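Everything below concerns the one structure shown next.
The values are calculated or read from the model by the stated rules, or taken from the named source; none is laboratory data. Here the structure is a predicted model, which means the values were calculated and not measured. Cβ: placed from backbone, ideal geometry, glycine included. Neighbour counts: every protein chain shown. We work out accessible area using only protein heavy atoms, side chains counted, and drop any ligands, DNA or RNA first. Shrake-Rupley method; radii C 1.70, N 1.55, O 1.52, S 1.80 Å.
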Amino acid sequence: MKPLLSLYKRELISYFTSPIAYIFLIIFLTLAGFFPLLVSGYLQRGEADLLPFFSWMPWLFLILAPAIGMRLWSEERRQGTIELLLTLPILPWHAILAKFLAACSIAAIALLLTFPMPLTANYLGNPDNGAILTGYLGSFLLAASNLSIASFTSILTRNQVISFILSLTIGLFLVLAGWPPITDLLVNWASQQLVDLIASFSIMYHFDSLQRGILDLRDIAYFLSLIAFGLISTSVLLNSYRSNP
Amino acid sequence: MIEVLNLRKSFGNKIAVANISFQVSVGEVLGFLGPNGAGKTTTMRMITGFLFPDAGTARINGFDILRNPVKAKANLGYLPENAPAYSDMQVRNFLEFCAKTRGLQGPSLRKAVDSAIEACFLQPVLQQSIETLSKGYRHRVGLAQAILHDPPALILDEPTDGLDPNQKHEIRQLIRRMGHSKAIIFSTHILEEVEAACTRAIIIDRGQIVANGSPAQLKARSRSAGIILRLAEENQTSLCSQTLQNLPQVHQILHENNSLRIRPKPDVSLHNLSLAITQTLANNPTKFELLELRIEEGRLDEVFREITTPDTTQN
């Protein structure tokens, strides 16, 4: 456990010694306020909930999660520090987990800093705070899923741009597979069951119930298995990199 | 201490390391030589557990690097090629991070970091971030990181690369000092370094060990290594040559002007050869009057060129 903690700390601090963390937080908070208030007309709706706020989360994290995750392993490869890291007396999953958790912490800090949104809702009316909590839980799981994907795409390359584009593309697929405009289009081509099956792979499908306050274990399990997939893939790719760098 | 057992690695069709085995015990400083691309770095990466071998393994202090990697790595200090380090960190923070990840804490952590800083002369740059350091300081940070937990085994990939002559000297001194209590492998291109710091040297070429011995033994394999013998009576020279020809230690006798150059068989030291020669001449019925008997140590660069250039016929 001790090496995990030490690796995690270094990783987290490195976000703040470079401008990445600050730029990410500023952009995230600006957009997280801008979209619901100005695009979705939050104040004009006259309803005390945070649906317009949460409904933007898949799109925000689609782009911003790869931005914080793209450097996780590619930077180690570029600088050659991966050799240093993997010859420390640690297990590979210590490093994989430490990096992932550090990136998740940045996402968690970003979500926590949106606290004025629920405060505003509570000031203006009587929102369902349970739904707000599940919405935040869903947003965090969403971010973590995207980050686990960024973790494995970042190990494929020493180039952060490639890493970013790859994880963005995978993330985009996971969002679009269940996005109504796309599923409506698919219904014309395939049977309803097939469309439903594809949609059930989508982040949108599982996030939707969480943002509405429905805590379904199947949705939680979906996100957790997506995270597990991302981290196990990272481990497999790390092993193959160490066989043939 | 460090045991390398039949390591093998190929990348695609190219065989990088073909079945390398050797051992280094405590008190030994092993120089790892070879032309660029001979497989030095690949071998070191496999010993340290960064790269998975195709076959074979290495043991550090008895721990198998594949079966028990955490224990093996805990007994090992490693300076990778080009001394990579997290460039955004300050020197002191970086060393503390390495020490913490290695499980040190409290006073023992501070002591370890402080003594590594002292050994590598890092005091002037402790608060600087690593990206602002000169190449020499970067290397010393890498070296400090490798020795801070006082490991019994040390593997250094070109530790003096990019240093100025003074710094090179300091690092060699440090390696020699540490060599008394540790098993050290270091790779280098600089042959004087081997003579200055190593107790033994291995030369590898195209993934295979082509020479393994003390610097003196290796030098004895060079073309110019041998005993120079000059007789007072020049016309006795060929008789003397015939007398010595049949000694088991003698590989070849060359006539040069008025003297003989007697070359030893591989694995025969020049010292033993000279003893054998003087004894034989003393016991010989014909009394040869010696004008000169001189040991000419060979040159390492000559040996290196001879055994690592593919077209040279070995003699």
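The accessible-area ordering, largest first, of the residues B:Glu302, B:Glu193 stands as B:Glu302, B:Glu193, per a 1.4 angstrom probe.
Per residue, the accessible area of segment A:118-200 comes to 51 Å² when a 1.4 Å probe rolls over the protein heavy atoms. Using Cβ point charges alone (K and R +1, D and E -1), the dipole size of chain B about the Cα centre works out to roughly 920 debye.
Max-minus-min Cα coordinates of the protein assembly as shown on each principal axis give 122, 55, 35 Å, with the largest extent listed first.
Element breakdown for the protein assembly as shown at a 1.4 angstrom probe: carbon and sulfur atoms account for 58% of the accessible area. With the solvent-accessible surface defined on protein heavy atoms using a 1.4 Å probe, which residues belonging to segment B:85-120 display a reduction of at least 40 Å² in accessible area in the multichain context relative to the isolated chain? Output list: B:Tyr86, B:Asp88, B:Phe97, B:Lys100, B:Thr101, B:Arg102. Among the lysines, which have Cα under 20 Å from the Cα of B:Lys219 when same-chain residues fewer than 8 positions away are ignored? Excluding near neighbours in sequence, the set is B:Lys265. Put simply, chains B and A cover up around 2600 Å² of each other's accessible surface, both sides summed, when a 1.4 Å probe is used.
Would you work out which of B:Pro35, B:His189, B:Pro159 lies farthest towards the positive end of the dipole of chain B, given +1 charges on the beta-carbon of Lys and Arg and -1 on that of Asp and Glu, about the Cα centre? Farthest towards the positive end: B:Pro159.
The mean number of partner chain beta-carbon atoms within 10 angstrom of a residue's beta-carbon across peptide A:78-85 is 6.
Think of chain B as having a plus end and a minus end, set by charges on the Cβ of Lys, Arg, Asp and Glu; of B:His139, B:Val4, B:Ile171, B:Val4 sits farthest toward the positive end of this dipole. Largest GNM mean-square fluctuation among B:Thr199, B:Thr280, B:Thr42, using chain B with Cα springs under 10 Å: B:Thr280. Taking a span of 27 Å or more along the helix axis (Cα atoms) and a mean Kyte-Doolittle hydropathy of at least -1.0 as the rule, the DSSP H helices of chain A that qualify are A:92-112, A:129-154, A:217-243. GNM on chain A, alpha-carbon springs under 10 angstrom: the most fluctuating residue among A:Ile132, A:Ile13, A:Ile165 is A:Ile13.
In this structure the amide hydrogen of B:Asn19, modeled in the peptide plane, comes within under 5 Å of the amide hydrogens of B:Arg8, B:Lys9, none closer than 5 places in sequence on its chain.
In order along segment B:103-109, phi translates into HN-Hα couplings of x, 7, 7, x, x, 5, 5 Hz, rounded to whole numbers, per the Karplus curve 6.51 cos²θ - 1.76 cosθ + 1.60 with θ = phi - 60° and x for Gly and Pro. Need the list of aspartates and glutamates near B:Lys9 for cross-linking: C-alpha distance under 17 angstrom, and skip anything on the same chain fewer than eight residues off. Here the aspartates and glutamates satisfying the reach criterion relative to B:Lys9 are B:Asp54, B:Asp205. Between B:Ile203, B:Ile228, B:Ile147, the residue with the greatest mean-square fluctuation in the GNM of chain B (Cα pairs under 10 Å linked by springs) is B:Ile228.
Between B:Thr278 and B:Ile15, the modelled label-to-label distance comes to 4.6 nm, taking each label 7 Å out from Cα in the direction of the beta carbon. The trypsin sites (Lys or Arg not before Pro) found in segment B:1-107 that occupy coil by DSSP, while having at most 10 further C-beta atoms within 10 Å, are B:Arg67. When the convex hull of its Cα atoms is viewed from all sides, chain B shows a mean projected area of 19.4 nm².
If a spin label sat at a point 7 angstrom from the Cα of B:Asn258 along the line to its beta carbon, the backbone N atoms of segment B:215-235 nearer than 18 Å would be those of B:228-235. Once you have the Kirkwood Rh of segment A:1-160 from its Cα pairs, apply Stokes-Einstein at 4 °C and 1.567 mPa s and quote D in µm²/s. The Stokes-Einstein estimate is 77 µm²/s.
Using +1 on the beta carbon of Lys and Arg, -1 on that of Asp and Glu, and nothing else charged, what's the dipole of chain A about the Cα centre, debye to 20?
860 debye
Rolling a 1.4 angstrom probe over the protein heavy atoms with all chains in place gives segment B:1-126 an accessible area of 39 Å² per residue.
Would you work out which of A:Pro89, B:Phe63, B:Asn82 lies farthest towards the positive end of the dipole of the protein assembly as shown? Charges go on Cβ: Lys and Arg +1, Asp and Glu -1. It is B:Phe63, whose Cα lies furthest towards the positive end. Projected onto planes of every orientation and averaged, the convex hull of the alpha-carbon atoms in segment B:153-297 covers 11.4 nm².
Around the Cα centre of the protein assembly as shown, unit charges on the Cβ atoms of Lys, Arg, Asp and Glu (plus for the first two, minus for the last two) sum to a dipole of about 780 debye. Rolling a 1.4 Å probe over the heavy atoms of the protein chains gives segment B:170-315 an accessible area of 51 Å² per residue. Relative contact order, whole percent, for chain B stands at 19, derived from Cα pairs under 8 Å and 6 or more residues apart. For segment B:142-156 and segment B:78-126, what is the separation of their C-alpha centers, rounded to whole Å? Cα centroid of segment B:142-156 versus Cα centroid of segment B:78-126: 10 Å apart. Placing R0 at 30 angstrom, the Cβ-Cβ distance between B:Ser25 and B:Gln123 gives a FRET efficiency of 0.35 after rounding to 0.05.
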